[in-house]
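Engineer: One structure is given below, represented as structure tokens, and several questions about it will come after.
The values are calculated or read from the model by the stated rules, or taken from the named source; none is laboratory data. Quantities reported herein were computed from a predicted structural model and do not represent experimental measurements. As a convention, Cβ positions derive from the backbone with ideal geometry for all residues, glycine included, and neighbour counts pool all protein chains shown. Remember, those area values only see protein heavy atoms, side chains included, never the ligands or the DNA or RNA. Shrake-Rupley method; radii C 1.70, N 1.55, O 1.52, S 1.80 Å.
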Amino acid sequence: SQLTGINLQSTPEKGLALAILKSRKFTNDFFDEYNLLPYFFSESWDFEKQEWIGSPPKKRLIYLKMESLVSVTEDRATGIITMSATDKDPVMAAKILNNLVSHLNKTVRMSAIRESELKIEYLNQELSKSSDSESRQMLYG
């Protein structure tokens, strides 16, 4: 078992981070990126051949595994989000948490970049519609 805390205070990023953390897409991407499926579903994995015995685990099972593995709580008074992972191997639990925080930070950052790019694109489209040279001068100096 391993614990880690993240202090995001009450920011829009905190809400986004919690929503992303609870999403199935994030869970599936996380398990894929860090190759966790063979570890957690070892009974269905042929380690010698490096392939699934039958079909790989369903996405719903992967999500349920994450729910049973990682606990996320928020202290509303302090704004601190505490995450803990439970595994038979405490070193693996620590790796999972460190990688989870890293993956979450990367995902939140990429989401913010996408949102900024969309806003810039929208502003550029609106600006191209404007023939008002004063507006252009105000925006571009």
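Engineer: Could you identify the single residue in Lys95, Lys129, Lys59, Lys119 that is in contact with a helix residue (DSSP H, G or I) (Cβ under 8 Å, 6 or more places away or on another chain) and basic (Lys, Arg)?
Structural biologist: Lys59
Engineer: Do we find that Val72 is part of a helix (DSSP H, G or I) and open to solvent by less than 60 Å² (accessible area, probe 1.4 Å) in this structure?
Structural biologist: Taking the combined requirement at face value, the residue does not satisfy it.
Engineer: Within the stretch 53-67, which residues are under 25 Å from Val91 (Cα atoms) and open to solvent by less than 80 Å² (accessible area, probe 1.4 Å)?
Structural biologist: The answer is Pro57, Ile62, Tyr63, Leu64, Lys65, Met66.
Engineer: On to the next question. Restricting to the stretch 9-51, what's the tally of residues that are closer than 21 Å to Glu74 by Cα and outside any loop (DSSP other than H, G, I, E, B)?
Structural biologist: Summing the residues that are closer than 21 Å to Glu74 by Cα and outside any loop (DSSP other than H, G, I, E, B) in the stretch 9-51 gives 13.
Engineer: Given the residues Ile81, Ile113, Ile120, Ile96, which is the only one that is β-branched (Val, Ile, Thr) and touching a Lys or Arg at 6+ places or on another chain (Cβ under 8 Å)?
Structural biologist: Step by step, each of Ile81, Ile113, Ile120, Ile96 is checked, and only Ile81 is β-branched (Val, Ile, Thr) and touching a Lys or Arg at 6+ places or on another chain (Cβ under 8 Å).
Engineer: Now a separate question. Residues of the stretch 120-141 being open to solvent by 80 Å² or more (accessible area, probe 1.4 Å) and modelled with pLDDT under 70, which ones?
Structural biologist: Selection gives Ser131, Ser133, Glu134, Arg136, Gln137, Met138, Leu139, Tyr140.
Engineer: Going through the stretch 79-119 one residue at a time, which ones are exposed (fewer than 14 other Cβ atoms within 10 Å of the Cβ), among the hydrophobic types (A, V, I, L, M, F, W, C) and modelled with pLDDT under 85?
Structural biologist: Hits for the stretch 79-119 are Met110, Ala112, Ile113.
Engineer: If you go through the stretch 32-44 one residue at a time, do you hit one that is open to solvent by less than 30 Å² (accessible area, probe 1.4 Å), within 27 Å of Glu13 (Cβ to Cβ) and touching a helix residue (DSSP H, G or I) at 6+ places or on another chain (Cβ under 8 Å)?
Structural biologist: yes
Engineer: Hey, does the stretch 66-89 have a residue that's touching a Phe, Trp or Tyr at 6+ places or on another chain (Cβ under 8 Å), β-branched (Val, Ile, Thr) and either within 20 Å of Asn28 (Cα to Cα) or without any contact (Cβ under 8 Å) to a residue 60 or more places away in the chain (or both)?
Structural biologist: No, every residue in the stretch 66-89 fails to be touching a Phe, Trp or Tyr at 6+ places or on another chain (Cβ under 8 Å), β-branched (Val, Ile, Thr) and either within 20 Å of Asn28 (Cα to Cα) or without any contact (Cβ under 8 Å) to a residue 60 or more places away in the chain (or both).
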